[in-house]
Structure formats: C-alpha cells, structure tokens
1. Can you report the number of residues in region 40-70 which are farther than 22 Å from ALA28 by Cβ and aliphatic (A, V, I, L, M)?
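The values are calculated or read from the model by the stated rules, or taken from the named source; none is laboratory data. Bear in mind the structure is a predicted one, so any value in this text is a computation, not a measurement. All Cβ positions, even for glycine, are placed from backbone atoms using ideal geometry, and neighbour counts span all protein chains on display. Areas reflect the complete protein model, heavy atoms only, side chains present, ligands, DNA and RNA absent. Shrake-Rupley method; radii C 1.70, N 1.55, O 1.52, S 1.80 Å.
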Amino acid sequence: MKKPTIGRIDSVIGASIGSAFLIYLVVACCGYVTYGNMLQSDILLNYPGMLFRIYVYVYILMCVCVRGCV
C-alpha cells in the first residue's frame, strides 16, 4: 500500500478473513452435498484402519503438549 492508514489495513484484514470464510463455507457445503449423512460425527472414524487413527491421535496429542513449550 502506498498510504497504509488504519482504515485501509482494517479493510484488507476484513477482506482476507471474509474471503477465507467464504472459501471454507463453499468447500464445506460441497462436502455436505457430496457425502450427506454418510459421514460420522467424528471425522477420524470415516478413515479406514485403526493404525491411521492412532497416528492422528498421537500427532494431535503431541501438538497440544508441545504447544505449551514453545
């Protein structure tokens, strides 16, 4: 920006958050239309195999534990 005022910065931030929200909304609606009620409430239960689920749970647990250390 040539003249970065508070108003312009706020409008850029609002536009970027709004556009990201719209993209997520479109993807979510397309996923719902495609799969509908075939999905389970826990997203990890939709993947086949127990080993994959264990890896994901361990990864999430590690991310939560390490986040406090950083």
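1. Of the residues in region 40-70, the ones farther than 22 Å from ALA28 by Cβ are 48-55, 57-59, 61-70.
Still in the list and also aliphatic (A, V, I, L, M): 50-51, 54, 58, 61-62, 64, 66, 70.
Total satisfying the criteria: 9.
A quick yes/no check of all residues on (1) open to solvent by 100 Å² or more (accessible area, probe 1.4 Å); (2) part of a helix (DSSP H, G or I); (3) at pLDDT 85 or above:
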{"residue": "ALA15", "(1), (2), (3)": "no, yes, yes"}
{"residue": "ALA28", "(1), (2), (3)": "no, yes, yes"}
{"residue": "THR34", "(1), (2), (3)": "no, yes, yes"}
{"residue": "GLN40", "(1), (2), (3)": "no, no, no"}
{"residue": "LEU44", "(1), (2), (3)": "no, yes, no"}
{"residue": "PRO48", "(1), (2), (3)": "yes, no, no"}
{"residue": "TYR59", "(1), (2), (3)": "yes, yes, yes"}
{"residue": "CYS63", "(1), (2), (3)": "no, yes, yes"}
